[in-house]
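These notes concern the structure reproduced below.
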Amino acid sequence: MSTTVTSSVAGVTEQVASLKLRPSEEAKPEEKKQEEYKYAHLLPHFSAEHYPPLTPYEHVDPGHRALSLPDPRAFLESVTSVEELTPRLGTEVIGLNLAELDNSGRDQLALEVARRGVMVFRDQEDFIDRGPEFYRQWGSYFGRLHIHPTSGHPVGYPEVHLVYRDLNSTFNFEYDDAVTPTVWHSDVSYELQPPGLTTFFLLAQPKSGGDTIFTSQVSTLSRLSPQFVAFLRTLKAVHSGIEQADFSRSGRRGGIVRRDPVEHVHPVVRRHPVTGEEALYVNRQFTRRIVGLKREESETILKFLYDHIDRSQDNQVRLKWRPNTVVLWDNRVTAHSAIIDFKETGEARHGARITPQAERPIPALEGLEL
Ligand SMILES: [Fe+2]
């Protein structure tokens, strides 16, 4: 009872996944001669397994260990270049093989990503080509790996979350009835312990387009007046995975819901456990309402915050992908969105995410009961 997408991705993709993805149907790759795709083993597979609810776990952030080092940025010492992409967010590094980082280097990486929000590492073919077993080991260093409740994954590796779109299909959580598919979010923020340090890379990408945009939720918050921030710190909001599950249940995205959807309440302003920075923690994709406020009050405040996130280009950075790029971001202090501007070209965009869970969000306001 499972389905795997088969594909020919190189260059312009041919119709591959025109198959209707229902769990009872098996793809029959032998029926069609496929062009060899280097990452065919990482195409989405939709198993119909059902998982129990996630249980709480104690997260120890590796970034803590780097704080006591004499130079917590020593891992960048001998690289070719380190460039700030914007003053507030994003660093691009050339000349470092992430796959070869030792444990101290990984601790430093976690801290630096927390501080910069996003780090872009070019020329990571070694990392990407080591494959899913390595991805699992890599991610496990930073926390317990999240298994996505609805997305496709490589056969045998449910911890590797995949995004995939080509000419005929999308397996992503994208609404096609909106004026734009761009939607700021922090990944799976509906979980009790949403992700912190997150690793993502593309295996296939369109010739142009398919960028990813990021925004600093620390900067977003810091632009607001102290009085308003003081009020936001007293608030908590409901984050929901129900719509995402319904999207799958409606037959899209592989049609699989492997864990029942959950809703959790998180502080509207959270504190990063390592840097101590405060960040706005609401997002249009998963946040539904502010607890305790009247409906109109909640809607008005959330709309204001979403609009502020949308239009503050001075808090944002746009990543142009190149082959063999690996990006890490800290989901606690940033939001992001894919840019789906290449539908008409029919080209494939195929990516993999490794998503360790972090702590239950810490309220910036001490003593706020959740
Ligand atoms: Fe995402």
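Put a plus charge on the Cβ of each Lys and Arg, a minus charge on the Cβ of each Asp and Glu, and nothing anywhere else: the dipole of the chain about its Cα centre is then about 680 debye. When the charge dipole of the chain is built from unit charges on Cβ atoms (+1 for Lys and Arg, -1 for Asp and Glu) and taken about the Cα centre, the candidate among Ser78, Phe121, Ala237 whose Cα reaches farthest toward its positive end is Ala237. Computing FRET efficiency as 1/(1 + (r/R0)^6) for Ala178 and Ala74, where r is the C-beta to C-beta distance and R0 is 41 Å, gives about 0.35.
Here Ser312 and Lys343 are evaluated by their C-beta separation; at R0 = 25 Å the FRET efficiency comes out at 0.40. When the chain is modelled as a GNM with alpha-carbon springs shorter than 10 Å, which of Glu125, Glu344, Glu133 fluctuates the most? Comparing Glu125, Glu344, Glu133 in a Gaussian network model of the chain, the most mobile one is Glu344. Straight-line reach from Lys236: taking Cα to Cα under 20 Å and skipping same-chain neighbours fewer than 8 places apart, the aspartates and glutamates in range are Asp187, Glu191, Glu263, Glu277, Glu278, Glu296, Glu297, Glu299, Asp307, Glu359, Glu366, Glu369.
Fully extending the segment from Val238 to His64, taken as 0.36 nm per residue of separation minus the present Cα-Cα distance, adds 59.8 nm. Potential lengthening of the chain between Glu49 and Gln227 amounts to 59.2 nm, from the contour at 0.36 nm per residue minus the alpha-carbon distance.
Sorted ascending by nearby beta carbons within 10 Å, beginning with the fewest, Ser208, Ser219, Ser225 become Ser225, Ser208, Ser219. Put a dot 7 Å past the Cα of Asp102, heading toward its Cβ, do the same for Asp260, and the two dots end up 4.8 nm apart.
Of all the options Arg144, Arg322, Arg130, the one that moves most in a Gaussian network model of the chain with Cα springs shorter than 10 angstrom is Arg130. Residues whose amide H lies under 5 Å from that of Leu203, counting only those 5 or more places away or on a different chain, are His350, Gly351, Ala352; hydrogens are built 1.01 Å from N in the peptide plane. If you take every residue apart from Arg106 with its C-beta less than 11 Å away from the C-beta of Arg106, what net charge results, scoring Lys and Arg +1 and Asp and Glu -1? Residues near Arg106 contribute -3 overall. Just Ala178, Ala245, Ala204 to compare: in a GNM of the chain, with alpha carbon springs under 10 Å, which one fluctuates most? Result for the chain, Cα springs under 10 Å: Ala178 fluctuates most. Amide H to amide H, with H built 1.01 Å from N, Lys236 comes under 5 Å of Val268, Val291, counting only residues 5 or more places away or on other chains. This ranking places Asp176, Asp314 by how few other beta-carbon atoms lie within 10 Å of each, fewest first, which gives Asp176, Asp314.
Please give the calculated 222 nm ellipticity per residue for the chain, where each DSSP H segment of at least 4 residues contributes -39500 (n - 2.57) and the sum is spread over every residue; nearest 500 deg cm²/dmol? Helix contribution divided over all residues of the chain: -5500 deg cm²/dmol. The residues neighbouring Arg88, those whose beta-carbon lies less than 13 Å from its own, together hold a net charge of 0 under the Lys/Arg +1, Asp/Glu -1 convention.
Among the listed pairs Lys207/Lys320; Lys320/Lys343; Lys38/Lys320, those with a Cα-Cα distance over 19 Å are Lys38/Lys320.
Computed extension length for Gln137-Val291: 51.6 nm, one decimal, from 0.36 nm per residue of separation with the Cα-Cα distance subtracted.
For each of Thr198, Thr345, Thr287, count neighbouring Cβ atoms within 10 Å of the residue's Cβ, then give the residues from fewest to most. Could you put the intermediate results ahead of the total?
Numbers: Thr198 29, Thr345 16, Thr287 23.
Least crowded to most crowded, the residues run Thr345, Thr287, Thr198.
Here, each number is a calculation from the coordinates, and none is a lab measurement. These numbers come from a predicted model, not from an experiment. Here Cβ is always computed from backbone atoms with ideal geometry, including for glycine, and neighbour counts include all displayed protein chains.
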